[in-house]
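One structure below.
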Amino acid sequence: MSEIASSTWFTTAPHWGWLIVFYYLFGGLAAGSYFIAALIDLIGRREDRPIARMGYFVAIPCLMVSGVLLLVDLYRPDRFWHLFLQSNTMRPIFQYWAPMSIGSWGIIVFSLFALLSFLAALAESRHLSWGWAGHLRPPSIVGRVIAVLGILMAMYVAGYAGVLLAVTNRPLWSDTPLLGMLLGVSAMSISASLLLLIARWRGLKFPGVRSLDRFDSWVIGLTLLVLVAVIVSLGSVARVWLSLWGALLLVAVLVGMIVPLFMRWRSARSAQTSALAAVMVLIGGFILRTVIVFTQQGIQP
């Protein structure tokens with residue numbers, strides 16, 4: 001590939017592949033699903049609590065899958081605990097200056113809140129007989145605290161992927177500060193689409209389903225705006241997408257953003273159209289993450 005005008009000094013490419021693409025996908029679904037569920041619990045209608053419960057049920061398996069993918073991608077998976085404990089003293093390690101350390105602890109803390117909300121959802125749906133677990137969701141005070149803190153951690157985890165890319169000091173990744181925002185809003189979009197698909201499949205007709213549909217449309221539009229801002233912020237570096245990867249990025253925009261928005265606008269949000277649009281958003285979100293991860297792999301100094 002021809003030389004690009006990047007302000008980034010080159011380092012060895014991390015050679016991330018499909019494991020990281022799927023980690024970004026499932027990690028985004030976990031964070032976005034929890035965010036939406038906790039938001040419904042805090043400010044939504046009481047009759048929409050089943051939708052929030054569904055979001056908590058989605059977040060935990062997605063977290064587990066993303067954790068396994070991240071672990072397998074490590075050079076020495078058996079030594080992952082060195083991110084959290086000193087090998088000689090077994091004392092906790094927290095390096096506030098190291099994004100990898102902060103991010104690892106952030107995922108752990110978010111997982112704790114997701115687990116508490118998951119247990120509360122199980123108790124409310126009578127799949128768990130622990131009575132105290134039901135108080136871990138709003139409207140209880142403890143539940144509200146968990147939901148608010150969980151939302152903050154979900155937002156961090158959703159955007160952390162972009163921060164991790166930036167600190168690699170690789171071209172494209174390090175030439176814009178907006179990748180974290182892009183992956184964050186995209187996580188909300190694909191998560192809303194997944195929850196909509198599950199709700200349609202289960203035949204849920206709560207008012208919150210229609211609200212979730214509207215929320216997804218707004219976030220899809222926001223994702224498109226942030227993507228445009230990313231391209232503008234890259235300046236001449238954006239020329240790297242004058243390639244096959246750029247064509248694939250265009251597919252992500254058409255399939256995952258523009259066409260779903262048009263379908264919902266033209267079809268008055270019918271159930272069938274909403275479900276098809278949700279599938280397209282998920283496909284577009286996957287393609288977007290593929291492009292972000294793989295584009296810079298071929299850039300040479």
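The values are calculated or read from the model by the stated rules, or taken from the named source; none is laboratory data. Being a predicted model, the structure only gives us computed values, none of them experimental. Cβ placement follows ideal geometry from the backbone for every residue including glycine, while neighbour counts extend to all protein chains displayed.
Structural remarks
- Of all residues in the stretch 12-47, those being in contact with a helix residue (DSSP H, G or I) (Cβ under 7 Å, 6 or more places away or on another chain), surrounded by fewer than 24 Cβ atoms within 10 Å (Cβ to Cβ) and closer than 14 Å to A147 by Cβ number 3.
- Test for I190: is it of a type in the set (V, I, T), touching a helix residue (DSSP H, G or I) at 6+ places or on another chain (Cβ under 6 Å), surrounded by fewer than 24 Cβ atoms within 10 Å (Cβ to Cβ) and within 22 Å of S111 (Cβ to Cβ): no
- Leading residue by the ranking (modelled with the highest pLDDT) among those in the stretch 220-261 that are farther than 24 Å from G184 by Cβ and among the hydrophobic types (A, V, I, L, M, F, W, C): A247
- Of everything listed in (1) touching a Pro at 6+ places or on another chain (Cβ under 7 Å); (2) in a helix (DSSP H, G or I); (3) surrounded by fewer than 22 Cβ atoms within 10 Å (Cβ to Cβ), the single unmet condition for L197 is (1).
- Qualifying residue in the stretch 161-180 (condition: modelled with pLDDT of 90 or more and farther than 18 Å from L234 by Cβ): no
So that you can scan it fast, the table gives a plain yes or no per residue for (1) touching a residue at least 12 places away in the same chain (Cβ under 8 Å); (2) of a type in the set (F, W, Y):
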site	(1), (2)
M188	yes, no
A199	yes, no
L212	yes, no
F215	yes, yes
I231	no, no
L244	no, no
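- Looking only at the stretch 271-283, and only at residues there that are in contact (Cβ under 8 Å) with a residue 60 or more places away in the chain and not hydroxyl-bearing (S, T, Y), the one that is surrounded by the most Cβ atoms within 10 Å (Cβ to Cβ): V281
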